[in-house]
Structures are given as structure tokens and as C-alpha cells.
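Written out below as C-alpha cells is the structure these notes cover.
A short reminder: the numbers here are calculations on the coordinates, not readings from a lab. The structure presented is a predicted model; accordingly, all values stated were derived computationally and were not measured. With ideal geometry, Cβ positions are generated from the backbone for all residues, glycine too; neighbour counts draw on all protein chains shown.
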Ligand code: NOJ
């Protein structure tokens, strides 16, 4: 597999296109709006973008229900506008990943309409169907009573997202197809065609939705890993530079499948939530990071340290970071995110501490996620500078608080989170040890104790990271002398008697002279 060089120093910015910038006043964000703000993203120190699905869709799940993979959703612009966005990204030396949704389509997709027909046709086996209308596929929800064809169709997520057929790892019912059946293979080839189309159009790769879910009854993921290896072989032949990032949450598996990077997320056994989103998060000052570190280390060991794991500040599926982590502690949380291996992901608005908007009605299948998807707050003009539509036409209502954070205010305040992040990304960019591939060794991480300390090593440099979001002065044993600080928030750490002592609510990145 080809290494993708730019991933090694990448810092991603996730754009939820609906809510980023509306350039034409229709209340919804668009490609031209994103283009207008590329310089802002670059100035933040982000070098790459992940854009949520932006394809034609009935938008019952914010675009994760694709109706036509080959067509930009008109509300965002045309395919040519999207290509212009790719060009503008590249002109700035940045990269962009599209969101590929291979596991399911919208029930309005033409493939599904054809697949519902009784008469056999090229799409009959495109989805997972049983041969009995009253029998759902085991372990899945299903659509029943919706087709001329006899059978129930499995769904992957919401009821309007029929599951595409990539086969069963060990089929044992007549209607279950194997991964090398013609139907399953045709689905995979169709997905490769879609990837080919957008890579040719100029995107740099994909974030892959529910990448773990494709082959069914595949307990150890062997079938799904093999499927992704096949995709990687195709990419290596035709698009060796295409970057692949998985929503999987089990790096030992996804990385074997040829993904360059896998997310550690709020689901699965990663303990990611212990850090940012639970009753007592570690970065809230009174929690525990040890289970996270245990899981992280185990994952790293299992994946042979080869591929990358990435930790996001949040995403469109989680409650905003700002709900749980307050004030200066957010800076400490970013001093962590921006000093971990793998490429960090900043969810749009987290850099200014955008809040989770409480009490909203669900929009486009957002449900409780809707409050994390509100329009970006750029300035203090109408609609917070998001766009010129009437306020009641906004896709999701804005945070109504009079003191809602804005980019403009954050830029003007030298102590803002935004300016701290700019500082952190610039330092990360100057030190390969802190980037995706630098080694990590946890130095201090004790259950319910502070601080969290680890070293990052690379390119002949070793850096000690010490994070103390608690209100206590704390110490830990450390045998080496501390060199100069390349970053500090709060008071500088002090080393004496073989111990490093750090003040309450502080963070620091220190050079370490090798012993
Ligand atoms: C994960 C996506 O992040 C989420 O937003 C979506 O609803 C589901 N996959 C289904 O595609």
C-alpha cells in the first residue's frame, strides 16, 4: 500500500456543508460558501478537509441516504462547483476527503426501485433481500411490505436506508449470498466506479461511513477486511495516492483492510468519551484517562503501530465538546488533540467553542445530533454571518444565546481558543515528533489521577506533553531533564528531585534531552 505523505502532517477540519457558509441566501450552506472560507481554515492551521456527504439525496439522514452518487446535491451547487472547490483546496496546498457511504443508499435510489421489482433485473441482488416477506434478515431491521417482489429487505441504519449486498461471510440460508456471488461482486464494482468518478474529479480520498458493516454475519470482520483489501488493490492500481479513513473504531481490523487511518469514536470500546463526554470527563478536570490510555495502547499494539488512529474534537454525531469542557480546559483538551499521533480532526465551530444548541426539533434525521449541527457563527451581523436568508429559513436555528461565540470575536481576542489552536497547529507543523507518525510513550497515567503525560518522538526530537486540567498542583516521576518549552498554557512545569510538578489547569510541550 502506498503511504500518503500528506497524511503525516495533516490536521483535518470537518465541514458539515449544510451549516458552514451559505453564499446564496437560501438558508443552507453550499460549495461556494466553503470556498469563501478556505483561507480561514488554512489560517487555523488545518491542511485537509473532510466534507460530509454532499450528493443528491432526499436528506432523511442529512445526506447519508444517497439517491445519486454521481450528482452533487443541487442545494450545494453543481458537480462543476464541487470540482472548483477541489481546485481551490489544492491551490492552497490542502487536501479534501469526500464522505463515501458504501453500506446503504436512500430508498429513493434508482437501484433500490429496480431491486423492488418482481421481474429479475441487474439490481435484483444489489441489496440484502430474504425470500420471504415475513422474514427479516437475522440481526437487522428490515423493510417489509414495500415491494412487488417477495421478500424483506435489510436496512443498515434508519428504515429508509436499505443495506447494499456485499454478501455473507458464511451464508447458510438460500437467500444469503456469498461475498463472491455475482450480485455481491457487482455491488462492490459499482462502489469502485463511484470512487473512480470522484477521484478523477479531483478529490483526495474518502472518509468511509460504517466501513465495518459491509459483509454480513462476519464476526471477526474477515470478509469485510478482505473486501477493503480488494478496494485498496484497485486504488493502488489506479489511484495510489488516494487516502482512506474509516469510520470503524477497530484499527487492528480497518488498518489490515488497507485504510490509512481509523477513527477512535464515541461508540465501541475506545473510552474516547471518558475524555470529553461523560459525567466526569478527564478534560473537565475530575475524571479518568487511564481506561482510554489502556484501550489506545492495546489498539496501537494490535495494529503493530503501522497505521494511524485519529481522534476528533467532535463530529456531527456527537454532542459538542463545549457542553462538557469549559473555559481554559478546552485549550488543554486541544493541547492533547493536537499532540497525539494520527491526524487530528477539528469539527467546524469547535475551534470557537460553539455550543450544543439545546431543545431543537430534529432536522433531517439529526434527532439529538441536531444541536451539534447548527449554522457556523462567523460574526455579529444577521444570522451570525452564516448567510443572508430570513432567519426562519435557516436549515437549523442558530444558537440563540446573546453571548454566542463568533469567529470575529475570537480572532480579535488574543487569548481565545481559536488563537490558541492556531498556535498549537503551527507548533505541531514545525515538529514531526508531534505529527501523525511520531512515536508515543505514556509516561504517567494513573487511574483517577492527574496529570496525563506522554512523550512524542520523531526526527531526532523527543517532546514531553503534560496535561493537567485538574484544579490541583500535581507531580509525577520523570528521570530526564526538561529542555525548553515549545508550548505552555498556564504555568510552566518545574522539575526537581526526579519529579515534574505542574500547576492547576496547565498544559505544556517540553523538549526532552535524551538520557
Ligand atoms: C454514521 C454517520 O456519521 C451518521 O451521521 C449516519 O447517520 C450513519 N453513519 C448512517 O449512515
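A few remarks follow.
- Rg/Rh ratio calculated on Cα atoms of region 268-417 (Kirkwood radius): 1.01
- For region 104-163, relative contact order (Cα pairs under 8 Å, six or more residues apart, normalised by length) works out to 35 percent.
- Radius of gyration over Kirkwood radius for region 440-512, both on Cα atoms: the Rg/Rh ratio is 0.93.
- In the chain, the longest principal axis of the Cα atoms and the axis of helix 417-430 are about 90 degrees apart.
- The modelled label-to-label distance for the pair residue 298/residue 78, using points 7 Å beyond Cα in the direction of Cβ, is 5.3 nm.
- Tilt relative to the chain, helix 182-201 - C-alpha long axis, 0 to 90 degrees, to 10: 50
- Distance between region 276-352 and region 122-186 - C-alpha centres, whole angstrom: 37
- Using only Cα coordinates, the Kirkwood hydrodynamic radius of region 104-163 works out to 11.0 Å.
- Fraction of antiparallel bridges per DSSP, the chain only, in percent to nearest 5: 60
- Alpha-carbon centroid distance for the pair region 441-467 / region 75-105, whole angstrom: 37
- Order by protection proxy (mean Cβ within 10 Å, highest first), peptides 292-299, 311-318: 311-318, 292-299
- Spacing of the two label points (7 Å from each Cα toward its C-beta) at residue 481 and residue 393, in nm: 6.6
- Contact order, relative form, for region 434-515: 29 percent (alpha carbon pairs under 8 Å, 6 or more residues apart, mean separation divided by residue count).
- Average Cα contact separation per residue, the chain, under 8 Å, 6 or more apart, as relative contact order %: 13
- When peptides 418-426, 363-371 are ranked by their average number of other Cβ atoms within 10 Å per residue, the highest-first order is 418-426, 363-371.
- Peptides 218-230, 15-27 ordered by average Cβ neighbours within 10 Å, highest first: 15-27, 218-230
- Fraction of C-alpha pairs exceeding 20 angstrom in region 70-149: 52 percent, rounded to a whole number.
- The mean of 1/r over all distinct Cα pairs in the chain, once inverted, gives the Kirkwood hydrodynamic radius of 23.9 Å.
- The chain: calculated mean residue ellipticity at 222 nm from DSSP helix runs of at least 4, using -39500 (n - 2.57): -7000 deg cm²/dmol
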